[in-house]
Amino acid sequence: MQKAHDFTKGPIFRQLIGFTMPVLAALCLQAMYGAVDLAVVGWFGSSADVSAVSTGSQIMQTVTMIVTGLSMGTTVLLGQKLGQKRENEAGKVVGAAVCLFGALALILTVVMLLVAAPFVRLMHAPEEAFTNTVAYVSVCSGGLVFIVAYNLLGSVFRGLGDSKTPLLAVGIACVGNVIGDLLFVAVLGMASAGAALATALSQMVSVVLCLRIIKRRGLPFPFSKKDIGFHWPVIGQTVNIGFPIALQDGLVSVSFLVLLAIVNGLGLIASAGMGVAEKLCAFIMLVPSAFMQALSAFVAQNIGAGENARANRAVGCGMAFSFGLGVVIAWLAFFHGDLLASIFGSGNREVVLAAADYLKAYAIDTLLVSFLFCFLGYFNGCGRTKFVLIQGVVGAFLVRIPVAYLVSKQADVTLFHIGLATPCSTVVQIALCFGYFFWIKKSEAAKTASLQTALKTNPKDKYSKHTTKYMLKRSKG
């Protein structure tokens with residue numbers, strides 16, 4: 001039987017980094033799906049094909065982010081149960097998630113197949129790329145069941161503290177995706193539809209592999225067929241944690257779709273250039289994204305065990321390490337964006353230069369999100385996901401979109417100017433996170449003082465004394 005990793009004991013830095021690195025590698029390989037699609041299409045297709053894959057993959061990324069955000073509810077709830085040593089309840093968390101995400105997969109598949117064309121039209125996809133974009137979205141939508149299943153399985157593994165198994169699964173699938181892209185796009189000439197088909201099939205490989213690993217190793221808690229069902233109290237808890245994250249991720253992704261729609265209005269080169277840049281941005285954001293996912297699981301276990309102070313220290317470690325790597329990545333993106341962009345668009349110099357211009361703005365954001373994403377991982381692990389939703393909406397719809405829209409109306413606007421809307425929103429979000437974090441600390445200090453007073457005023461009440469000491473430990477961590 002597989003064992004869950006205990007994050008409540010031992011050296012924080014070594015455990016956090018050891019857990020984060022496989023998450024980072026898995027995210028990197030997962031980002032390779034869309035990157036390889038775009039690279040192969042860029043080498044063997046036209047600018048219209050590149051635009052189709054960039055717009056279509058951005059639409060699918062929005063759907064995937066919603067699923068990933070919702071699955072975070074399973075990660076956090078499972079981590080808290082294990083931290084509380086309530087393994088007997090962990091089986092129902094997984095069983096309820098199977099039913100919840102199974103229903104979600106069916107609904108999303110039907111909806112996306114029906115709205116593919118109208119959605120692409122809403123995105124202002126260039127006319128030359130409209131048909132190919134619809135084909136890409138439709139084929140990917142047909143494989144949504146595998147995308148949902150993979151994210152669910154990944155959330156379970158992260159809740160167990162296991163980041164190596166998803167890395168293995170996605171690594172093998174990524175190799176399959178490369179082979180599929182070369183076959184369907186380069187050899188058979190299926191362009192954007194072929195890239196989408198390769199992606200869907202490789203996701204299926206990931207799911208099959210993860211299921212085989214679970215079957216062979218087992219889970220570190222009792223789990224049987226009777227645990228699989230619509231356990232509504234558990235589903236309610238999962239949704240209560242995961243839905244605000246999913247909504248926040250979805251709305252943030254929608255804000256980037258709006259940015260893409262604004263840029264699409266500037267012409268085919270700008271559209272393709274932003275598409276290339278966004279694929280690179282997916283890699284640029286991998287380090288802070290990995291720490292956000294890792295901290296969500298790390299903090300969840302420690303909060304469940306009452307180790308609040310340990311959870312706080314983990315956030316500081318994550319920020320320091322993430323920022324250090326962010327400096328290197330920002331330097332590459334700002335000063336060598338054309339070199340990076342040439343990987344995907346070497347056949348069109350105009351596209352490369354447009355992408356490099358956009359990357360300069362993202363280089364600034366790379367430094368800022370090192371702090372923002374670690375904060376979000378902490379709040380997710382604490383279960384304070386409603387705040388995560390609020391700060392995401394404020395940043396996306398009160399800052400990012402208005403700034404991008406106003407800038408786009410100026411004369412001689414460039415992708416760099418439009419891209420600056422993103423670091424502007426991040427600054428505001430960091431300020432909100434700092435304020436909320438210190439408000440939490442102040443509330444915990446007040447609660448601790450209140451509990452200490454209760455302990456002193458009821459020295460002879462054994463029941464009250466026992467309960468107050470327990471709550472005091474949890475509040476102080």
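Do we find a residue being surrounded by fewer than 24 Cβ atoms within 10 Å (Cβ to Cβ) and farther than 28 Å from Leu152 by Cα anywhere in segment 366-378? Scanning segment 366-378 turns up at least one residue that is surrounded by fewer than 24 Cβ atoms within 10 Å (Cβ to Cβ) and farther than 28 Å from Leu152 by Cα.
Scanning segment 396-416 for residues that are under 18 Å from Ala272 (Cβ atoms) and either among the polar types (S, T, N, Q) or touching a Ser or Thr at 6+ places or on another chain (Cβ under 8 Å) (or both) yields Ser408, Thr414. Of the residues Gly395, Gly381, which single one is at pLDDT 90 or above, of a type outside the set (A, V, I, L, M, F, W, C) and either assigned to a helix (DSSP H, G or I) or closer than 20 Å to Val287 by Cβ (or both)? Result: Gly395 is the single residue among Gly395, Gly381 that is at pLDDT 90 or above, of a type outside the set (A, V, I, L, M, F, W, C) and either assigned to a helix (DSSP H, G or I) or closer than 20 Å to Val287 by Cβ (or both). Here Arg86 clears all of (1) farther than 30 Å from Leu268 by Cα; (2) under 23 Å from the mean Cα position of the chain (by Cα); (3) without any contact (Cβ under 8 Å) to a residue 24 or more places away in the chain except the condition numbered (2). A single member of Ala173, Ala195, Ala200 is buried (at least 20 other Cβ atoms within 10 Å of the Cβ), more than 17 Å from Asn151 (Cα to Cα) and modelled with pLDDT of 80 or more, and it is Ala195. Of all residues in segment 335-362, those satisfying the criterion of being small (Gly, Ala, Ser), under 15 Å from Ser54 (Cβ atoms) and modelled with pLDDT of 80 or more are Ala341, Ala354, Ala355. Pairs please, first residue from segment 218-242 and within 22 Å of Ile66 (Cα to Cα), second anywhere and aliphatic (A, V, I, L, M) and surrounded by fewer than 18 Cβ atoms within 10 Å (Cβ to Cβ), Cβ atoms under 9 Å, 6+ apart in sequence or on different chains. Short answer, once both residue conditions are applied: Phe230/Ala103. Within segment 334-352, at least one residue is under 21 Å from Ala39 (Cα atoms), of a type in the set (Ser, Thr, Tyr) and out of contact with any Phe, Trp or Tyr (no Cβ under 8 Å at 6 or more places or on another chain).
Give Leu168, Leu211, Leu160, Leu182 a once-over and let me know the one that is out of contact with any helix residue (DSSP H, G or I) (no Cβ under 6 Å at 6 or more places or on another chain) and crowded, with 20+ Cβ neighbours inside 10 Å.
Unique residue meeting the criteria: Leu160.
Condition check ((1) surrounded by fewer than 24 Cβ atoms within 10 Å (Cβ to Cβ); (2) among the aromatic types (Phe, Trp, Tyr); (3) at pLDDT 80 or above) across all residues:
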| residue | (1), (2), (3) |
| --- | --- |
| Ala35 | yes, no, no |
| Ala39 | yes, no, no |
| Gly42 | no, no, no |
| Val50 | no, no, no |
| Thr62 | yes, no, no |
| Thr74 | no, no, yes |
| Gln84 | yes, no, no |
| Ala90 | no, no, no |
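Of the residues screened, Ala314 is one that is under 18 Å from Met21 (Cβ atoms), out of contact with any strand residue (DSSP E or B) (no Cβ under 7 Å at 6 or more places or on another chain) and surrounded by 24 or more Cβ atoms within 10 Å (Cβ to Cβ).
The values are calculated or read from the model by the stated rules, or taken from the named source; none is laboratory data. All of these numbers come straight from a predicted model, not from anything done at the bench. Don't worry about glycine lacking a Cβ; one is built from the backbone with ideal geometry, like all the others, and counts go over all protein chains shown.
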